[in-house]
Amino acid sequence: MLLKFPFSRFEIHDRSMEPFLHDGNRVLTLNWVLPKTGDVVVFKKGAIYMVKRIVKLVGNKVWVRGDNRLSSKKVSCNKNDIVGKVVFKY
Amino acid sequence: MFKILRILDRLFKPSVAYAHCDIPCGIYDPHEAQMAAHTVLRMTNMLNELELASEEVEDRKKFVHQVSRLQKVKEEHAELIKHQVRIIWGDYIKPEHLEKHKDIHDLVFNIMKQASKIRQNVDLKAAEELLTMVQKFAEIFWETKGRETKKVKSGYPTEGEIVLPI
């Protein structure tokens, strides 16, 4: 965890995290944290970064979902794929 | 803090994190990307065909107005192509698909670049090449679902074809 840079900045695209995050919002993530259920996290999926909220943690597996329930399904990723927790929106 | 972050953003652009909508769940279709590619081609044709009626102010206003409208639609649909292709590539394409279609990443990269190029120029050849790339992407997509495809006449004013599963 400490090998990561402590903070990262991202620009949000698309709408599945509305109303918490909107298209065009920018966020600061804190990367030196252990994520927990309820945290909004940025994670790597293939070659892109995605942002969702953690709904369940089972061992190394993390289940995430967008807040916009009408337009999001639950997907999973590994804990190691998580870049950081969203701590500030600007 | 807000000001510091915004200044930092100007110096070092933040990465993009996608919070995309994925309705309907698990249902992907490259059809909209193909329609958008035909729209880009059509707008390019219309821009090339546009003529200034005269140097009179009213005619020049009409000309500029029409160019603006056509260009706006061309740009929006070029971005739509990128959006649709990115969603399928980022959400649907799996490692087993990459094993069989090793050129997917290059194809997607080229589509992104070509769609951006289209926005910057009125280039018929580039618009036709973009359509060909999107059609190839559609063929690969359907092949990953075990579906053969055929090209059919679109019925659009572009007189081009659409890739459909059979």
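Quick one: is A:SER76 touching a Ser or Thr at 6+ places or on another chain (Cβ under 9 Å) and either surrounded by fewer than 20 Cβ atoms within 10 Å (Cβ to Cβ) or over 27 Å from B:LEU11 (Cβ atoms) (or both)? It would help to see each step written out before you state the result.
Details: touching a Ser or Thr at 6+ places or on another chain (Cβ under 9 Å): no; either surrounded by fewer than 20 Cβ atoms within 10 Å (Cβ to Cβ) or over 27 Å from B:LEU11 (Cβ atoms) (or both): yes.
In short, no.
Filter region B:2-18 down to the residues that are assigned to a helix (DSSP H, G or I) and within 8 Å of another protein chain (Cβ to nearest Cβ) and list them by number. Let's see the steps before the verdict.
To start, the set of residues in region B:2-18 that are assigned to a helix (DSSP H, G or I) comprises B:2-11.
Across region B:2-18, the qualifying residues are B:PHE2, B:LEU5, B:ARG6, B:LEU8, B:ASP9.
Inside region A:1-53, counting only strands (runs of 3 or more DSSP E) that do not spill past its ends, which hold 3 or more residues that are at the interface with chain B (Cβ under 9 Å from one of its Cβ atoms) and of a type in the set (Phe, Trp, Tyr)?
Ranges flagged: none.
What residue, among those in region B:85-94 that are modelled with pLDDT of 90 or more and not aliphatic (A, V, I, L, M), is farthest from A:ASP23 (Cα to Cα)?
B:TRP89
The values are calculated or read from the model by the stated rules, or taken from the named source; none is laboratory data. Just so it is clear, the model here is predicted, and its values are computed rather than measured. Cβ coordinates were reconstructed from backbone atoms using ideal geometry, including for glycine residues, and neighbour counts include every protein chain displayed.
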